[in-house]
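*Asks:* What follows is a single structure, and I will ask about it in a moment.
Every number here is computed from the coordinates shown, using simple stated rules; none is lab data. Treat the numbers as computed from the prediction; the structure is a model and nothing was measured. Cβ coordinates were reconstructed from backbone atoms using ideal geometry, including for glycine residues, and neighbour counts include every protein chain displayed.
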Amino acid sequence: MPDRRHPGEDEELLRAALPDVEPLGKSAPERIRRRQSTGRRAPEPAPPPLPAGSFRVEWQGERVSGWWGELPPAALAARTPIAAAATLDLHGLDREAARERLGRFLAESHRARRRAVRVITGRGRGRAAGGVLQREVPGWLAAPPLAAWVLAFASAPASEGGAGALRILLRS
């Protein structure tokens, strides 16, 4: 059935139904500008409190392991079959960038309730003592604030990068 209303009838009906309402006007909407990035990221959440005891780190040649208190390396070995739920590759980063990225990765992994993760440090090129990150990362993991997220860590098996990678078990 065709609509037989007159062209201005809708406006008249609206005015009759809402007599106290006035139009806002026809000005263009105000544009909201995006905030300029300051280059700073939001701070990471505070890590959980450190467990009692001390974090032990043990080197055997190129291979390293670390654990809290009395958790023996045999217990770590028994737990390492847990597949890594995420991997972080630190190749090509300087110390500062690597430490910052490692902190964010561990915080995110803890929030996501991951039990095991892998961090690839690399072995360093032509260095008898190993790469810078290969030597530094275990110390970072054993010290606050990163140690608060870590239960234990060890050099990865050869199939996962060997001494150039770490398998990390996270606290629940």
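*Asks:* ³J(HN,Hα) across the range 84-101 via Karplus (A = 6.51, B = -1.76, C = 1.60, θ = phi - 60°), whole Hz, x for Gly/Pro?
*Replies:* Calculated HN-Hα couplings, in order: 5, 7, 7, 10, 10, 9, 9, 3, x, 9, 7, 4, 4, 5, 5, 5, 5, 5 Hz.
*Asks:* A further question on this structure: Which order do the peptides 165-172, 105-112 take when ranked by the mean count of other beta-carbon atoms within 10 Å per residue, highest first? Mind showing how you got there, number by number?
*Replies:* Details: 165-172: 21.1, 105-112: 17.5.
My ranking of the peptides, most packed first, is 165-172, 105-112.
*Asks:* Separate question: Provide the per-residue ³J(HN,Hα) series for the range 144-153, in order, calculated from phi with Karplus coefficients 6.51, -1.76, 1.60 and θ = phi - 60°, each as a whole number of Hz, with x at glycine and proline positions.
*Replies:* With the stated coefficients, the range 144-153 comes to x, x, 5, 4, 5, 8, 9, 8, 6, 8 Hz.
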